[in-house]
Amino acid sequence: MPPTDASTDAGTNSASRAGSSTEDTLDLRLTDELIALFGDDTPAAAPGPAAGGLLDAPADWGPVPTEAGPFQLVPVRIERDLPLISRWMNDPAVAAFWELAGPEDVTAAHLRPQLDGDGRSAPCLGVLAGVPMSYWEIYRADLDPLARHYPARPHDTGVHLLVGGVADRGRGLGTTLLRAVADLVLDHRPACARVVAEPDIRNAPSVSAFLGAGFRFSAELDLPDKRAALMVRDRALRNLL
């Protein structure tokens, strides 16, 4: 059953979720374009987030003004943020799509492969007006299992989102923050031409939030555990949508 607010399902709970497994990655069938992009190294050998790495250092992207207040992506630190994120994951509306309800160890097991990996996925808190109120994953969609299900391009960047507090849902914050984060990606990742997401097709409020944030509906995707709406925000159209 879809949650009542669009922002609780912004491209989550699929085999393409960036942090679900360090083994389930696109390191086998590289295109000629990707081989040229990375030279003789595979994506796993690229520099990590401390050097900018595969995502151009999301820690350095903010804050930015929004109509709801200043917003910033702050990289997750497990020792500081695990209790809060785990509490959000145990909200029934969130758990229906993220499937990470349970003790803190469940959430930790989702976060650690991203934090200990090669930097292809960056878990972040969304801090609005000084208050942590959302959880984000910014990830390289072209290096993710999602790329097996759509015609990915080098440097496609994906977003997953949940809004944690019930009081922050249902008032358009999802749309506002999705636009802000997509703009951050496009501003700070010059090689990225598209921001993508894959919310559950049944979650009409989530799809609507993406449309309101300047994404377009591109296709329906049959992912291993859901039918998803492929949402795309194109750099070339960012000033038109």
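Simple spin-label estimate for Asp222 and Arg148 gives 1.4 nm between the two label positions (7 Å along the Cα-to-Cβ direction from each Cα).
Each residue of the stretch 136-152 was assigned a 3J(HN,Hα) from its phi angle through the Karplus curve 6.51 cos²θ - 1.76 cosθ + 1.60 (θ = phi - 60°); the sequence is 10, 10, 9, 9, 7, 5, 6, 10, 10, x, 3, 5, 6, 10, 8, x, 5 Hz, with glycine and proline shown as x.
In whole percent, what relative contact order does the stretch 91-236 give with Cα contacts below 8 Å and a gap of six or more residues? Walk me through the numbers before you get to the answer.
Details: 209 pairs, mean separation 23.2, N = 146.
For the stretch 91-236, the relative contact order is 16 percent.
Would you mind getting me the FRET efficiency between Glu67 and Arg87? Use the beta-carbon distance for r and R0 = 22 Å, nearest 0.05.
Numbers: r = 27 Å, r/R0 = 1.23.
So, using R0 = 22 Å, E works out to roughly 0.20.
Placing a label point 7 Å from the Cα of Arg112 along the Cα-to-Cβ line, the residues of the stretch 80-102 whose backbone N sits under 19 Å from it are 80-87, 89, 100-102.
The residues of the stretch 53-156 have, on average, 39 Å² of accessible surface per residue, using a 1.4 Å probe with all protein chains present. Counting only protein heavy atoms and a probe of 1.4 Å, the accessible surface of the stretch 177-241 is 55% carbon and sulfur. Gain on full extension, evaluated as 0.36 nm per residue between Arg202 and Glu99 minus their Cα-Cα distance, stands at 35.5 nm.
Arranged from highest to lowest average of other beta-carbon atoms within 10 Å per residue, in what order do the peptides 182-190, 195-203, 100-108 appear?
Highest mean packing first, the order is 195-203, 182-190, 100-108.
Using only the Cα atoms of the stretch 150-223, build the gyration tensor, take square roots of its eigenvalues as a ≥ b ≥ c, and label the shape rounded, prolate or oblate: rounded if a/c is under 1.5, else prolate if a/b is larger than b/c, else oblate. Oblate, since a/c reaches 1.5 and b/c is not below a/b.
The values are calculated or read from the model by the stated rules, or taken from the named source; none is laboratory data. All figures in this text were calculated on a predicted structure; none of them were measured in a lab. No Cβ is skipped: glycine too gets one built from the backbone with ideal geometry, and neighbour counts run over all protein chains shown. Note: areas computed on protein heavy atoms with side chains; ligands, DNA, RNA excluded. Shrake-Rupley method; radii C 1.70, N 1.55, O 1.52, S 1.80 Å.
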